[in-house]
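Colleague: Pasting a structure below so you can have a look.
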Amino acid sequence: MIQIKAVIFDLGGVVINYDNKEYYKYLSKESKAKFSEVKKIIEQKTLPDFEKGKITLKQFESKVAKDLHIPKEKVMWLKFYKKTVKFNYDVIELIKILHKDYTIAFLSNIDKSRYSFTMKLLDLNLFDFRFTSCYLKLRKPDLLIYKNVMKKLNLKQKEAIFIDNMVENIKGANKAGLIGIHFKSRRKLDIALYKHNL
């Protein structure tokens, strides 16, 4: 029987109670563009390069402002995040429990500006390893990002559990040999972990 050695958490939507829906609603109101259009412009045109560290915050906000025809100061990518981000203390409590017996890491699609701010608030002692798209230059669900993490953690197939709130990221993790758990709530996560003898 393969033994679990590590548990890897996503940040946004798991450790942190944050997603971009409210931000897209704000930009939709400011730009008079549809929510779906705002989401498409950011997630398909600009965010991938930003989260891979290929462009700066200034460049990101300039591109979004241009595409949505709004002043650059209205984009407020980092400011909006700072005002609305909250921690999921139920999950942080679970991390503290698991950390006694397992290697704990996080793997997040995040840009450098939000990452720097988050790291000032998060107890870094909870995590043995920190992996981010902005420094790995790869994004979930790219198979290479998971393989990179497994190599750095010296893990074999099925030796780590990966927890994420997005199904496509779980599918990518499963393909790479991690055991993916789709995060919905702390209670459901506890049940899923129990099935893997954690």
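Colleague: Could you please let me know if Gln59 is under 26 Å from Pro141 (Cα atoms), at pLDDT below 95 and not aromatic (Phe, Trp, Tyr)?
Modeller: Working: under 26 Å from Pro141 (Cα atoms): yes; at pLDDT below 95: no; not aromatic (Phe, Trp, Tyr): yes.
The answer is no for Gln59.
Colleague: Within segment 14-43, work out how many residues are in a loop (DSSP other than H, G, I, E, B) and farther than 21 Å from Lys82 by Cα.
Modeller: 3
Colleague: Among residues belonging to segment 145-181 that are of a type outside the set (S, T, N, Q), without any contact (Cβ under 8 Å) to a residue 24 or more places away in the chain and under 16 Å from Arg130 (Cα atoms), point out the one that is surrounded by the most Cβ atoms within 10 Å (Cβ to Cβ).
Modeller: Out of the qualifying residues, it is Lys152.
Colleague: For segment 112-147, give me the residue count where each residue is assigned to a strand (DSSP E or B) and not basic (Lys, Arg).
Modeller: From segment 112-147, those assigned to a strand (DSSP E or B) are 129-132; that's our starting set.
Then keep just the ones that are not basic (Lys, Arg); that gives 129, 131-132.
Residues in segment 112-147 being assigned to a strand (DSSP E or B) and not basic (Lys, Arg): 3 in total.
Colleague: Name every residue in segment 150-195 that is closer than 15 Å to Leu94 by Cα and either charged (D, E, K, R) or not in a helix (DSSP H, G or I) (or both), in order of residue number.
Modeller: In the first step, residues of segment 150-195 are kept if they are closer than 15 Å to Leu94 by Cα; the result is 161-164, 181, 183-194.
Ile161, Phe162, Ile163, Asp164, Ile181, Phe183, Lys184, Ser185, Arg186, Arg187, Lys188, Asp190 - these are the residues of segment 150-195 that are closer than 15 Å to Leu94 by Cα and either charged (D, E, K, R) or not in a helix (DSSP H, G or I) (or both).
Colleague: Would a scan of segment 38-54 turn up a residue that is in contact with a Lys or Arg (Cβ under 6 Å, 6 or more places away or on another chain), over 22 Å from Val149 (Cβ atoms) and without any contact (Cβ under 8 Å) to a residue 40 or more places away in the chain?
Modeller: yes
Colleague: Related question: Being closer than 21 Å to Phe50 by Cα, modelled with pLDDT of 95 or more and small (Gly, Ala, Ser), is that true of even one residue in segment 165-183?
Modeller: yes
Colleague: Same structure, new question: Just name the residue that is surrounded by the most Cβ atoms within 10 Å (Cβ to Cβ) out of those in segment 182-191 that are charged (D, E, K, R) and touching a Leu at 6+ places or on another chain (Cβ under 8 Å).
Modeller: Arg186
Colleague: What about Ser116, is it buried (at least 18 other Cβ atoms within 10 Å of the Cβ) and either out of contact with any His (no Cβ under 6 Å at 6 or more places or on another chain) or free of Cβ contacts under 8 Å to residues at least 60 places away in the same chain (or both)? Let's see the steps before the verdict.
Modeller: On the way: buried (at least 18 other Cβ atoms within 10 Å of the Cβ): no; either out of contact with any His (no Cβ under 6 Å at 6 or more places or on another chain) or free of Cβ contacts under 8 Å to residues at least 60 places away in the same chain (or both): yes.
Here the answer is no, as Ser116 does not meet what is asked.
Colleague: Sort out which residues of segment 1-21 are among the acidic types (Asp, Glu) and either modelled with pLDDT under 95 or not assigned by TED's automatic domain parsing to the domain that holds Ala173 (or both), and write them in order of number.
Modeller: Pass one, segment 1-21, residues among the acidic types (Asp, Glu): 10, 19.
The answer is Asp19, and nothing else.
Colleague: Scan segment 119-128 for residues that are over 19 Å from Leu193 (Cβ atoms) and either touching a residue at least 24 places away in the same chain (Cβ under 8 Å) or in contact with a His (Cβ under 9 Å, 6 or more places away or on another chain) (or both) and jot them down. So that I can check it myself, show each step before the final result.
Modeller: First, pick out the residues of segment 119-128 that are over 19 Å from Leu193 (Cβ atoms): 119-125.
Within segment 119-128, Leu121, Leu122, Asp123, Asn125 meet the criteria.
Colleague: Where in segment 44-106 are there helices (runs of 4 or more DSSP H), lying wholly inside it, with at least 1 residues that are under 17 Å from the mean Cα position of the chain (by Cα) and over 30 Å from Asn197 (Cβ atoms)? Steps first, answer last, please.
Modeller: Values: elements: 47-51, 57-68, 77-84, 89-98.
Where helices (runs of 4 or more DSSP H) fall fully within segment 44-106 and carry at least 1 residues being under 17 Å from the mean Cα position of the chain (by Cα) and over 30 Å from Asn197 (Cβ atoms), they are 47-51, 77-84.
Colleague: What are the residues in segment 154-177 that are over 12 Å from Phe9 (Cβ atoms) and not basic (Lys, Arg), if any?
Modeller: Within segment 154-177, the subset over 12 Å from Phe9 (Cβ atoms) is 154-159, 166-168, 170-172, 174-177.
Within segment 154-177, Asn154, Leu155, Gln157, Glu159, Met166, Val167, Glu168, Ile170, Gly172, Asn174, Ala176, Gly177 qualify.
The values are calculated or read from the model by the stated rules, or taken from the named source; none is laboratory data. Computed from a predicted model, the values in this text were never measured in an experiment. Here the Cβ is made from the backbone with ideal geometry for all residues, glycine too, and neighbour counts use every protein chain on show.
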